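The values are calculated or read from the model by the stated rules, or taken from the named source; none is laboratory data. This structure is a prediction, so every number in the text was calculated from the model and none was measured. Positions of Cβ are backbone-derived with ideal geometry, glycine not excepted, and every protein chain shown enters the neighbour counts.
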Amino acid sequence: MPKQTNAQQMDVLTPRIPVLDLAPQVPGNRFPAKAVVGDAVPFQAVAFREGHDRIGVTLVLRSPSGAQQRVPMEPLLDGFDTYRALAQVDEQGMWSWFVEAWSDEWATWHHNAEIKIAAGIDVELMATMGADLLERAAAQAQAADASALTSAAQRMRRTETAPLQRWAEVNDPAVLAAVDRNRPRSLVSASETLQLRVERARAAVGAWYEFFPRSEGAEQREDGSWASGTLTTAAERLPAVKAMGFDVLYLPPVHPIGEINRKGPNNTLTPQPGDPGSPWAIGSKAGGHDTIHPDLGTIADFRAFVQRAEAEGLEVAMDLALQAAPDHPWVAEHPEWFTTLPDGSIAFAENPPKKYQDIYPINFDLDPEGILAEVLRILEQWIDCGVEIFRVDNPHTKPLWFWERLIRDVNAAHPDVVFLAEAFTRPAMMQALGKVGFQQSYTYFAWRNTKAELEEYLREVTGPQAAWFKPAFWVNTPDILTEYLQFGGVPAFKVRAAIAATAVPTWGMYAGYELIEDVARPGAEEANDNEKFQYRPRDWEQAARNGTTIAPYITRLNEIRAQHPAVQQLWALDVHWSDDDAILVYSKHLEARFTASGEDDTIIVVANVDPHSARQTTVHLDLTKLGLRPGESFEAHDLITGETWTWSDHNFVRLDAFVEPAHVLHVRRSVA
Ligand SMILES: O=P(O)(O)O[C@H]1O[C@H](CO)[C@@H](O[C@H]2O[C@H](CO)[C@@H](O)[C@H](O)[C@H]2O)[C@H](O)[C@H]1O
């Protein structure tokens with residue numbers, strides 16, 4: 001048996017068999033890659049050796065509690081050197097893993113013997129080599145396998161049996177299975193060891209709904225003034241949000257709102273008395289980030305709201321917007337946290353081209369430790385109220401080190417706490433926020449509308465960057481009402497929801513989407529009469545009676561998400577081909593060994609992304625991506641309409657956007 005040679009003995013960096021390009025990995029390997037409980041993680045490595053001998057490649061995975069599993073890795077494509085294994089991570093915490101490549105003498109022998117024995121070349125030599133390998137396998141096997149392998153070796157040495165007969169005997173499935181379990185491995189070479197942080201499922205899987213609590217239950221008095229909704233009246237809306245199938249309720253800031261420089265309706269700088277102001281203009285004489293807006297209630301009311309949500313099966317996500325209205329207590333108590341200009345004033349915040357005249361930005365370089373301590377104090381308070389998810393406003397306008405420290409410190413004490421980065425900025429910063437710890441991130445999904453844009457974007461967010469950037473697809477927000485939605489009507493709202501809800505594990509929607517609120521403020525890409533600056537109660541029941549809500553459609557999408565674990569997997573997406581430039585096709589597939597039902601879970605989404613048209617075309621599927629054989633037929637059951645068709649590789653599709661803009665198909669294997 002060849003002796004193992006390792007890199008240290010040879011004083012070189014290259015292991016005997018090179019194992020390179022491990023994934024999932026954060027480039028530079030300074031931060032661990034991330035996954036969530038339940039993920040079937042695609043582990044990959046490039047491994048190869050000199051010459052023509054075969055290698056075997058094994059993933060060695062260790063869970064946080066120390067359980068080790070060894071998973072054989074298979075070539076991604078026959079004849080290429082990238083190997084892959086899917087393994088499900090089922091425990092929260094830090095996992096470690098490495099890849100072993102080894103000389104697979106059995107595979108090398110088998111390949112050579114198959115050719116030579118059939119051709120009558122070196123027949124007895126090949127038989128002897130095979131028998132030797134079988135005996136080596138037997139020497140490391142348990143009793144049952146040892147006896148099967150020993151007798152196979154003896155048969156292999158029996159020269160009175162015809163060589164082809166001996167070849168057939170050694171290929172008996174029982175013998176091959178015993179060899180597989182005890183394969184001789186030599187020149188074993190290990191890669192570096194990497195870490196994988198596995199977080200709770202909600203860190204990357206969830207359906208989010210956003211509403212402004214002050215609008216829920218708000219009433220306009222006869223004199224035109226408003227009575228604000230409260231946390232108590234807003235809680236009345238929770239059952240309806242849950243009934244639509246949402247998991248997380250995200251609340252814009254619930255703190256006192258500054259009175260100085262307050263904004264008026266439609267982002268004006270001339271508020272009238274009674275205008276409530278933007279909730280992101282945090283702080284007034286009533287208090288700051290640790291206080292509940294008096295109009296909404298008290299901290300006790302907030303605790304009750306969080307508990308009521310929990311009882312409904314909803315988690316509350318709070319906003320963390322680190323900025324201050326001019327009358328925030330911080331401004332007087334910590335003037336050192338703000339940059340004072342030579343004329344003694346403080347410049348307002350901006351996110352060009354947007355101007356935030358009602359808030360001051362914090363300068364994190366002036367008192368880094370003091371600011372960090374204060375933010376940790378505030379977070380501890382809300383965590384104590386039962387909040388474990390924070391949507392972080394504009395994290396890209398604060399230094400990265402701050403988020404690395406904050407998230408690390410919070411997660412050390414509270415591993416279930418999740419931070420969502422609301423950063424719409426340059427890719428390097430968005431990616432870096434994910435690398436330093438943000439569990440999930442808003443994305444550019446809202447502006448990816450054509451088939452070509454969506455195909456590229458789906459590949460991007462489910463590719464290598466999925467190791468550190470967990471995408472949340474929001475269809476709208478109070479800041480985002482895209483032209484696609486402004487001019488696409490009901491078909492646009494439906495198809496965007498269908499794609500967001502099925503393509504990635506986290507999607508989000510801001511209240512009013514279900515009512516097709518599509519009127520933008522002139523010149524802006526956000527809703528007119530925006531709720532950010534005024535009360536906006538909605539008559540949900542009237543909309544249901546009139547049939548002017550797509551809430552039933554949203555509910556169905558969330559049901560599909562809950563019932564189909566493939567949809568909850570980020571890495572499991574494949575884009576397929578269609579002959580039409582507006583018909584987008586992708587699938588999500590999860591193998592039976594990873595599902596609770598013990599059956600494959602496969603979803604195909606076919607979406608007409610031109611909301612003004614009816615399209616018909618042919619959809620071409622790579623069935624191997626669906627766990628099927630090329631040419632195999634199956635039942636495609638539409639989970640939206642209940643229709644079922646027999647499909648195979650090439651399928652005719654007609655999607656009239658005005659009827660149903662998307663098929664969400666469940667693959668059912670045809671009974672042979
Ligand atoms: O800058 P983004 O587009 O990422 O938006 C986020 O942050 C904004 C600042 O907090 C916030 O803007 C809203 O609040 C501001 C402060 O009160 C106000 O001046 C803006 O007019 C208002 O839109 C935005 O909502 C948030 O998502």
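Go through the residues of the range 222-244 one by one and say whether even a single one is within 16 Å of the ligand (Cβ to nearest atom) and modelled with pLDDT of 95 or more.
There is no residue in the range 222-244 that is within 16 Å of the ligand (Cβ to nearest atom) and modelled with pLDDT of 95 or more.
Run R615 past the list (1) over 20 Å from the mean Cα position of the chain (by Cα); (2) in a loop (DSSP other than H, G, I, E, B) and report the number of the one that doesn't hold.
R615 satisfies every listed condition except (2).
Hey, can you tell me all the residues within the range 657-671 that are in contact with a Ser or Thr (Cβ under 8 Å, 6 or more places away or on another chain) and more than 16 Å from V567 (Cα to Cα)?
Of everything in the range 657-671, those that are in contact with a Ser or Thr (Cβ under 8 Å, 6 or more places away or on another chain) and more than 16 Å from V567 (Cα to Cα) turn out to be A657, E660, S670.
Return yes or no: is E350 acidic (D, E) and at pLDDT below 95?
Yes.
Looking at the range 397-408, is at least one residue within 16 Å of the ligand (Cβ to nearest atom), surrounded by fewer than 22 Cβ atoms within 10 Å (Cβ to Cβ), closer than 25 Å to P32 by Cα and within 17 Å of the chain's Cα centre (by Cα)?
Within the range 397-408, not a single residue is within 16 Å of the ligand (Cβ to nearest atom), surrounded by fewer than 22 Cβ atoms within 10 Å (Cβ to Cβ), closer than 25 Å to P32 by Cα and within 17 Å of the chain's Cα centre (by Cα).
Out of T291, T339, I need the residue that is surrounded by fewer than 18 Cβ atoms within 10 Å (Cβ to Cβ) and polar (S, T, N, Q). Which one?
T339
Take P273 and decide whether it is under 24 Å from K355 (Cα atoms) and within 14 Å of the ligand (Cβ to nearest atom).
When the stated conditions are applied, P273 does not pass them.
Output the number of residues of the range 418-445 satisfying the condition of being away from the ligand (no atom under 13 Å from the Cβ) and under 21 Å from P368 (Cβ atoms).
6
Within the range 379-395, count every residue that is of a type outside the set (A, V, I, L, M, F, W, C) and either more than 30 Å from P352 (Cα to Cα) or free of Cβ contacts under 8 Å to residues at least 40 places away in the same chain (or both).
5
Can you tell me how many residues in the range 249-267 are more than 10 Å from the ligand (Cβ to nearest atom), out of contact with any strand residue (DSSP E or B) (no Cβ under 9 Å at 6 or more places or on another chain) and farther than 19 Å from F211 by Cα?
1
Mind checking which residues of the range 200-210 are crowded, with 23+ Cβ neighbours inside 10 Å and in contact with a Lys or Arg (Cβ under 8 Å, 6 or more places away or on another chain)?
A203, A204
Take the residues in the range 429-466 that are hydroxyl-bearing (S, T, Y) and in a helix (DSSP H, G or I), then tell me which one is surrounded by the fewest Cβ atoms within 10 Å (Cβ to Cβ).
Result: Y457.
Name the residue that is farthest from M94 (Cα to Cα), counting only residues in the range 413-422 that are outside any loop (DSSP other than H, G, I, E, B) and under 22 Å from the mean Cα position of the chain (by Cα).
Per the criteria, the residue is E422.
Could you figure out which of (1) surrounded by fewer than 18 Cβ atoms within 10 Å (Cβ to Cβ); (2) without any contact (Cβ under 8 Å) to a residue 24 or more places away in the chain isn't true of L269?
(2)
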